[in-house]
Amino acid sequence: MRITVLAGGVGGSRFVRGVREECARRDPDASVIVIVNTGDDLWLAGVRLMPDFDSLLYSLAGVNDTERGWGRAGETERVAAELREWGVGWPWFTLGDLDLGTHLARTAWLREGATPSEVAERLQRRWPLGVRLIPATDTEVDTCVEVPDPETPHSTRELHFQEWWTRYRATLPAIAFRQRNIDRARPAPGVVEAITDADLVLFAPSNPVVSIGTILAVPGIRDAIATTSAPVIGVSPIIGGKVVRGMADACLPVIGVDTSADAVGLHYGSRRSGGLLDGWLVDETDAAAVGPLEEAGLLAASVPLWMRDLETSAALAGAAIDLGDVVRSRPA
Ligand code: FO1
(Lines give C-alpha, C1' and ligand atoms only; values in the text may rest on other atoms or scores of the structure.)
Protein backbone atom coordinates (compact mmCIF):
# COMPACT_ATOMS: atom_id res chain seq x y z
CA MET A 1 0.00 0.00 0.00
CA ARG A 2 1.39 3.39 -1.02
CA ILE A 3 -0.16 6.27 0.91
CA THR A 4 0.44 9.91 0.10
CA VAL A 5 -0.58 12.55 2.63
CA LEU A 6 -0.92 16.31 2.04
CA ALA A 7 -0.05 18.02 5.32
CA GLY A 8 0.79 21.20 7.19
CA GLY A 9 2.65 21.45 10.50
CA VAL A 10 1.11 20.57 13.85
CA GLY A 11 -2.20 18.89 12.85
CA GLY A 12 -0.34 17.28 9.97
CA SER A 13 2.33 15.86 12.29
CA ARG A 14 -0.15 14.22 14.62
CA PHE A 15 -2.06 12.74 11.72
CA VAL A 16 1.06 11.45 9.94
CA ARG A 17 2.27 9.81 13.15
CA GLY A 18 -1.08 8.02 13.24
CA VAL A 19 -0.77 6.98 9.58
CA ARG A 20 2.75 5.65 10.20
CA GLU A 21 1.57 3.69 13.24
CA GLU A 22 -1.54 2.27 11.57
CA CYS A 23 0.46 1.26 8.48
CA ALA A 24 3.04 -0.54 10.65
CA ARG A 25 0.19 -2.52 12.25
CA ARG A 26 -1.71 -3.35 9.06
CA ASP A 27 0.96 -3.66 6.40
CA PRO A 28 4.66 -3.45 7.27
CA ASP A 29 5.44 -3.09 3.54
CA ALA A 30 3.34 0.05 3.23
CA SER A 31 5.14 3.24 2.21
CA VAL A 32 4.05 6.71 3.23
CA ILE A 33 5.00 9.93 1.42
CA VAL A 34 4.07 13.30 2.91
CA ILE A 35 3.75 16.35 0.67
CA VAL A 36 4.50 19.26 2.95
CA ASN A 37 3.18 22.83 2.85
CA THR A 38 5.92 25.39 2.14
CA GLY A 39 3.80 28.56 2.32
CA ASP A 40 4.86 29.19 5.95
CA ASP A 41 8.56 29.24 4.96
CA LEU A 42 10.64 32.39 5.27
CA TRP A 43 14.07 33.97 5.34
CA LEU A 44 14.87 35.41 8.76
CA ALA A 45 18.18 36.45 10.34
CA GLY A 46 19.96 35.19 7.22
CA VAL A 47 18.62 31.64 7.44
CA ARG A 48 15.86 29.77 5.66
CA LEU A 49 13.08 28.47 7.90
CA MET A 50 10.65 25.74 6.84
CA PRO A 51 8.32 25.57 9.87
CA ASP A 52 5.87 22.91 8.65
CA PHE A 53 8.62 20.67 7.32
CA ASP A 54 10.54 21.01 10.58
CA SER A 55 7.42 20.31 12.68
CA LEU A 56 6.93 17.06 10.78
CA LEU A 57 10.63 16.20 10.91
CA TYR A 58 10.96 16.79 14.67
CA SER A 59 7.64 15.16 15.51
CA LEU A 60 8.27 12.00 13.47
CA ALA A 61 11.79 11.81 14.91
CA GLY A 62 10.35 12.17 18.44
CA VAL A 63 12.51 15.25 19.21
CA ASN A 64 9.72 17.86 19.09
CA ASP A 65 8.48 20.17 21.83
CA THR A 66 5.02 18.72 22.48
CA GLU A 67 3.96 21.57 24.82
CA ARG A 68 4.56 24.47 22.40
CA GLY A 69 3.68 22.47 19.32
CA TRP A 70 6.73 23.70 17.36
CA GLY A 71 10.50 23.49 17.69
CA ARG A 72 12.74 21.04 19.56
CA ALA A 73 12.29 19.46 22.98
CA GLY A 74 14.79 20.64 25.60
CA GLU A 75 15.39 23.84 23.64
CA THR A 76 17.48 26.79 24.87
CA GLU A 77 17.39 30.34 23.50
CA ARG A 78 20.84 31.83 24.02
CA VAL A 79 21.42 32.74 20.38
CA ALA A 80 17.90 34.24 20.13
CA ALA A 81 18.72 36.54 23.07
CA GLU A 82 21.90 37.68 21.29
CA LEU A 83 20.03 38.25 18.01
CA ARG A 84 17.55 40.45 19.90
CA GLU A 85 20.44 42.50 21.29
CA TRP A 86 21.77 42.95 17.75
CA GLY A 87 18.30 43.83 16.45
CA VAL A 88 18.45 40.97 13.96
CA GLY A 89 15.35 38.89 13.13
CA TRP A 90 11.97 39.47 14.75
CA PRO A 91 11.85 39.97 18.53
CA TRP A 92 8.50 38.13 18.68
CA PHE A 93 9.79 35.10 16.74
CA THR A 94 12.13 32.83 18.67
CA LEU A 95 14.80 30.77 16.95
CA GLY A 96 15.86 28.15 19.49
CA ASP A 97 19.51 27.07 19.63
CA LEU A 98 18.92 23.46 18.52
CA ASP A 99 16.41 24.60 15.90
CA LEU A 100 18.96 27.13 14.59
CA GLY A 101 21.31 24.20 13.94
CA THR A 102 18.71 22.88 11.46
CA HIS A 103 18.28 26.31 9.83
CA LEU A 104 22.05 26.78 9.52
CA ALA A 105 22.53 23.33 7.98
CA ARG A 106 19.66 23.93 5.56
CA THR A 107 20.94 27.37 4.58
CA ALA A 108 24.49 26.08 4.11
CA TRP A 109 23.27 23.36 1.75
CA LEU A 110 21.02 25.79 -0.12
CA ARG A 111 24.00 28.15 -0.54
CA GLU A 112 26.04 25.22 -1.93
CA GLY A 113 23.36 24.88 -4.62
CA ALA A 114 21.08 22.14 -3.29
CA THR A 115 17.36 22.54 -3.91
CA PRO A 116 14.94 22.69 -0.94
CA SER A 117 13.75 19.13 -1.68
CA GLU A 118 17.37 17.87 -1.80
CA VAL A 119 18.00 19.63 1.51
CA ALA A 120 14.82 18.07 2.92
CA GLU A 121 16.10 14.67 1.88
CA ARG A 122 19.44 15.26 3.63
CA LEU A 123 17.77 16.47 6.83
CA GLN A 124 15.66 13.29 6.95
CA ARG A 125 18.71 11.04 6.85
CA ARG A 126 19.50 11.94 10.45
CA TRP A 127 16.53 10.07 11.95
CA PRO A 128 14.64 6.94 10.82
CA LEU A 129 11.30 8.67 10.22
CA GLY A 130 9.52 5.71 8.61
CA VAL A 131 7.93 8.06 6.06
CA ARG A 132 9.34 10.28 3.31
CA LEU A 133 8.75 14.04 3.49
CA ILE A 134 8.77 16.08 0.25
CA PRO A 135 8.24 19.86 0.21
CA ALA A 136 5.35 20.62 -2.16
CA THR A 137 7.59 22.82 -4.30
CA ASP A 138 11.21 23.95 -4.59
CA THR A 139 10.03 27.44 -5.59
CA GLU A 140 9.81 29.94 -2.71
CA VAL A 141 6.06 30.53 -2.40
CA ASP A 142 5.99 32.26 1.02
CA THR A 143 2.42 33.23 1.90
CA CYS A 144 1.65 36.94 2.39
CA VAL A 145 -1.42 38.35 4.08
CA GLU A 146 -3.08 41.57 2.97
CA VAL A 147 -4.37 43.53 5.98
CA PRO A 148 -5.75 47.06 6.49
CA ASP A 149 -2.96 49.62 6.96
CA PRO A 150 -3.55 51.23 10.38
CA GLU A 151 -1.52 54.31 9.36
CA THR A 152 -3.23 55.09 6.05
CA PRO A 153 -7.03 54.91 5.98
CA HIS A 154 -8.58 52.95 3.08
CA SER A 155 -5.27 51.39 2.11
CA THR A 156 -3.75 48.01 2.80
CA ARG A 157 -0.34 46.46 3.37
CA GLU A 158 1.15 43.00 3.09
CA LEU A 159 2.70 41.02 5.92
CA HIS A 160 4.53 37.74 5.76
CA PHE A 161 2.18 35.02 6.98
CA GLN A 162 4.46 34.35 9.99
CA GLU A 163 4.21 37.97 11.14
CA TRP A 164 0.42 37.89 10.88
CA TRP A 165 0.27 34.51 12.63
CA THR A 166 2.81 34.85 15.44
CA ARG A 167 3.05 38.61 16.08
CA TYR A 168 -0.61 39.47 15.63
CA ARG A 169 -2.00 35.98 16.42
CA ALA A 170 -4.21 36.29 13.32
CA THR A 171 -6.16 39.12 14.95
CA LEU A 172 -5.60 41.65 12.15
CA PRO A 173 -8.48 41.09 9.73
CA ALA A 174 -7.10 39.33 6.67
CA ILE A 175 -8.30 40.62 3.30
CA ALA A 176 -6.46 38.11 1.13
CA PHE A 177 -3.75 35.44 1.22
CA ARG A 178 -1.25 35.38 -1.62
CA GLN A 179 1.57 32.98 -2.29
CA ARG A 180 4.56 34.69 -3.88
CA ASN A 181 5.62 33.27 -7.27
CA ILE A 182 2.84 30.68 -7.16
CA ASP A 183 2.07 31.01 -10.87
CA ARG A 184 5.59 29.96 -11.83
CA ALA A 185 6.01 27.38 -9.08
CA ARG A 186 6.47 23.74 -10.05
CA PRO A 187 5.82 20.67 -7.91
CA ALA A 188 9.06 19.42 -6.35
CA PRO A 189 10.52 16.26 -7.96
CA GLY A 190 8.49 13.22 -6.93
CA VAL A 191 5.38 15.13 -5.84
CA VAL A 192 3.18 14.46 -8.87
CA GLU A 193 4.35 10.82 -9.03
CA ALA A 194 3.58 10.39 -5.33
CA ILE A 195 -0.02 11.37 -6.08
CA THR A 196 -0.51 9.55 -9.38
CA ASP A 197 1.21 6.31 -8.25
CA ALA A 198 -0.46 6.20 -4.80
CA ASP A 199 -3.01 3.61 -3.67
CA LEU A 200 -4.54 6.20 -1.35
CA VAL A 201 -4.25 9.99 -1.06
CA LEU A 202 -5.11 11.63 2.26
CA PHE A 203 -5.67 15.30 3.20
CA ALA A 204 -4.51 15.75 6.81
CA PRO A 205 -6.72 17.89 9.09
CA SER A 206 -4.48 20.89 8.36
CA ASN A 207 -5.48 24.47 7.61
CA PRO A 208 -7.52 24.31 4.36
CA VAL A 209 -6.48 27.82 3.32
CA VAL A 210 -2.81 28.37 4.17
CA SER A 211 -1.59 24.75 4.43
CA ILE A 212 -3.56 22.40 2.15
CA GLY A 213 -4.66 25.44 0.08
CA THR A 214 -1.05 26.40 -0.62
CA ILE A 215 -0.07 22.86 -1.65
CA LEU A 216 -3.07 22.72 -4.01
CA ALA A 217 -2.18 26.13 -5.46
CA VAL A 218 1.13 24.83 -6.85
CA PRO A 219 0.32 24.36 -10.56
CA GLY A 220 0.07 20.65 -11.41
CA ILE A 221 -0.79 19.34 -7.93
CA ARG A 222 -4.55 19.95 -8.11
CA ASP A 223 -4.69 18.23 -11.51
CA ALA A 224 -2.73 15.25 -10.21
CA ILE A 225 -5.23 14.85 -7.35
CA ALA A 226 -8.24 15.30 -9.60
CA THR A 227 -7.03 12.56 -11.95
CA THR A 228 -5.26 10.00 -9.75
CA SER A 229 -6.81 6.54 -9.77
CA ALA A 230 -6.32 6.38 -5.98
CA PRO A 231 -9.20 7.23 -3.65
CA VAL A 232 -8.75 10.70 -2.12
CA ILE A 233 -9.92 10.99 1.48
CA GLY A 234 -9.86 14.13 3.61
CA VAL A 235 -10.14 14.67 7.37
CA SER A 236 -11.98 17.71 8.69
CA PRO A 237 -9.88 20.20 10.69
CA ILE A 238 -13.15 21.55 12.16
CA ILE A 239 -15.10 19.87 14.96
CA GLY A 240 -18.48 21.22 16.01
CA GLY A 241 -17.91 24.52 14.24
CA LYS A 242 -14.55 25.12 15.95
CA VAL A 243 -10.98 24.69 14.78
CA VAL A 244 -9.21 21.79 16.44
CA ARG A 245 -5.92 23.72 16.63
CA GLY A 246 -4.39 26.70 14.87
CA MET A 247 -6.43 29.61 13.62
CA ALA A 248 -8.17 28.35 10.48
CA ASP A 249 -11.30 30.25 11.61
CA ALA A 250 -9.38 33.47 10.83
CA CYS A 251 -8.54 32.15 7.35
CA LEU A 252 -11.69 30.39 6.09
CA PRO A 253 -13.92 33.53 5.93
CA VAL A 254 -11.32 35.17 3.67
CA ILE A 255 -12.07 32.57 0.98
CA GLY A 256 -15.82 32.65 1.75
CA VAL A 257 -16.00 29.29 3.53
CA ASP A 258 -17.86 28.78 6.84
CA THR A 259 -16.02 27.34 9.81
CA SER A 260 -17.85 24.01 9.71
CA ALA A 261 -16.87 20.45 8.80
CA ASP A 262 -19.37 20.25 5.94
CA ALA A 263 -18.43 23.64 4.46
CA VAL A 264 -14.74 22.65 4.31
CA GLY A 265 -15.61 19.29 2.74
CA LEU A 266 -17.78 21.03 0.15
CA HIS A 267 -15.02 23.59 -0.44
CA TYR A 268 -12.67 20.77 -1.50
CA GLY A 269 -15.60 19.26 -3.38
CA SER A 270 -16.41 15.84 -4.79
CA ARG A 271 -14.26 14.41 -7.59
CA ARG A 272 -17.57 13.33 -9.17
CA SER A 273 -18.30 16.98 -9.87
CA GLY A 274 -14.90 18.52 -10.59
CA GLY A 275 -13.67 18.64 -6.97
CA LEU A 276 -10.82 16.88 -5.18
CA LEU A 277 -12.23 14.37 -2.70
CA ASP A 278 -13.94 10.99 -2.80
CA GLY A 279 -14.44 10.77 0.95
CA TRP A 280 -14.58 13.13 3.92
CA LEU A 281 -14.28 12.26 7.60
CA VAL A 282 -16.14 14.44 10.11
CA ASP A 283 -16.30 14.13 13.88
CA GLU A 284 -19.06 12.16 15.62
CA THR A 285 -20.52 15.45 16.84
CA ASP A 286 -20.92 16.51 13.19
CA ALA A 287 -22.79 13.33 12.21
CA ALA A 288 -25.72 15.44 10.94
CA ALA A 289 -23.45 16.69 8.14
CA VAL A 290 -23.01 13.19 6.65
CA GLY A 291 -26.35 13.19 4.76
CA PRO A 292 -25.90 16.59 3.04
CA LEU A 293 -22.27 15.72 2.21
CA GLU A 294 -23.36 12.46 0.57
CA GLU A 295 -26.01 14.33 -1.41
CA ALA A 296 -23.14 16.48 -2.72
CA GLY A 297 -21.37 13.32 -3.95
CA LEU A 298 -18.90 12.85 -1.09
CA LEU A 299 -18.75 9.55 0.74
CA ALA A 300 -18.80 10.80 4.33
CA ALA A 301 -18.41 9.12 7.70
CA SER A 302 -18.44 10.40 11.26
CA VAL A 303 -15.69 9.09 13.55
CA PRO A 304 -13.80 10.46 16.60
CA LEU A 305 -11.47 13.14 15.17
CA TRP A 306 -9.66 14.30 18.32
CA MET A 307 -6.03 13.16 18.12
CA ARG A 308 -5.18 13.09 21.82
CA ASP A 309 -2.41 10.51 21.60
CA LEU A 310 -0.87 7.97 19.24
CA GLU A 311 -3.79 5.54 19.69
CA THR A 312 -6.45 8.08 18.69
CA SER A 313 -4.29 9.33 15.79
CA ALA A 314 -3.81 5.75 14.55
CA ALA A 315 -7.55 5.05 14.88
CA LEU A 316 -8.29 8.14 12.79
CA ALA A 317 -5.75 7.08 10.16
CA GLY A 318 -7.38 3.62 10.16
CA ALA A 319 -10.80 5.20 9.55
CA ALA A 320 -9.37 7.14 6.60
CA ILE A 321 -7.79 3.97 5.14
CA ASP A 322 -11.09 2.10 5.61
CA LEU A 323 -13.05 4.87 3.88
CA GLY A 324 -10.59 4.59 0.98
CA ASP A 325 -11.43 0.85 0.77
CA VAL A 326 -15.16 1.69 0.64
CA VAL A 327 -14.51 4.16 -2.20
CA ARG A 328 -12.54 1.50 -4.10
CA SER A 329 -15.37 -1.03 -3.80
CA ARG A 330 -18.08 1.47 -4.80
CA PRO A 331 -19.47 1.32 -8.33
CA ALA A 332 -18.08 4.13 -10.50
N1 FO1 B 1 5.38 30.14 16.70
C2 FO1 B 1 5.14 31.07 17.63
O3 FO1 B 1 4.01 31.24 18.04
N4 FO1 B 1 6.16 31.86 18.12
C5 FO1 B 1 7.44 31.71 17.70
O6 FO1 B 1 8.32 32.42 18.18
C7 FO1 B 1 7.71 30.69 16.73
C8 FO1 B 1 9.00 30.44 16.27
C9 FO1 B 1 9.23 29.41 15.35
C10 FO1 B 1 10.52 29.14 14.89
C11 FO1 B 1 10.75 28.12 13.99
C12 FO1 B 1 9.67 27.37 13.52
O13 FO1 B 1 9.88 26.38 12.64
C14 FO1 B 1 8.37 27.63 13.94
C15 FO1 B 1 8.13 28.65 14.87
N16 FO1 B 1 6.84 28.92 15.32
C17 FO1 B 1 6.62 29.90 16.25
C18 FO1 B 1 5.69 28.15 14.81
C19 FO1 B 1 5.15 28.70 13.47
O20 FO1 B 1 5.18 30.06 13.41
C21 FO1 B 1 3.66 28.43 13.17
O22 FO1 B 1 2.97 27.88 14.21
C23 FO1 B 1 3.47 27.62 11.94
O24 FO1 B 1 4.16 28.10 10.82
C25 FO1 B 1 1.98 27.51 11.58
O26 FO1 B 1 1.82 26.21 11.17
**Share of carbon and sulfur in the accessible heavy-atom surface of the chain [1.4 Å probe, %]** = 51 percent
**Asked** For the range 305-314, what does the Karplus curve 6.51 cos²θ - 1.76 cosθ + 1.60, with θ = phi - 60°, yield as ³J(HN,Hα) per residue in whole Hz, taken in order and with x for Gly and Pro?
**Response** 9, 5, 9, 7, 7, 5, 4, 5, 5, 5
**Message:** Given a Förster distance of 25 Å, report the FRET efficiency between ILE255 and ARG184 from their Cβ-Cβ distance, rounded to the nearest 0.05.
**Reply:** 0.70
**Request:** Calculate, in nm to one decimal, what GLU112 and THR171 gain on full extension: separation in residues at 0.36 nm each, minus their alpha carbon distance.
**Result:** 17.3 nm
**Request:** Lys and Arg at +1, Asp and Glu at -1: add these up for the other residues within a Cβ distance under 13 Å of ARG84 and post the number.
**Result:** -2
**Message:** Net charge around LEU305, counting only other residues with Cβ within less than 13 Å of its Cβ (Lys, Arg = +1; Asp, Glu = -1)?
**Reply:** +1
**Complete:** Taking 0.36 nm per residue of separation between GLU151 and TRP43 and subtracting their Cα-Cα distance, the length gained on full extension comes to 36.3 nm
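Based solely on its DSSP helices, what 222 nm [θ] is calculated for the chain when runs of n ≥ 4 H residues each add -39,500 (n - 2.57) and the sum is averaged over all residues, nearest 500 deg cm²/dmol?
Taken over the chain, the calculation gives -10000 deg cm²/dmol.
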**Request:** Restricting to the chain, compute how many DSSP beta bridges are antiparallel as a %, nearest 5.
**Result:** 40 percent
**Asked** Ranked highest first by average number of other Cβ atoms within 10 Å, how do 268-276, 51-59 line up?
**Response** 51-59, 268-276
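Near ALA289, within a Cβ-to-Cβ distance under 10 Å, what is the net charge of the other residues, with Lys and Arg +1 and Asp and Glu -1?
Working: positive: none; negative: ASP262, ASP283, ASP286, GLU294.
Net local charge, ALA289 excluded: -4.
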**Prompt:** In square angstrom, what is the accessible area per residue of the chain with a 1.4 angstrom probe?
**Reply:** 43 Å²
**Asked** So how much slack lies between ARG122 and VAL326, counting 0.36 nm per residue of separation and subtracting their Cα-Cα distance, in nm?
**Response** 69.7 nm
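The values are calculated or read from the model by the stated rules, or taken from the named source; none is laboratory data. Keep in mind that what you see is a predicted model, and the values were worked out from it rather than measured. Cβ atoms come from the backbone with ideal geometry, glycine included; neighbour counts cover every protein chain shown. Surface accessibility is based on the protein's heavy atoms, side chains included, excluding ligands, DNA and RNA. Shrake-Rupley method; radii C 1.70, N 1.55, O 1.52, S 1.80 Å.
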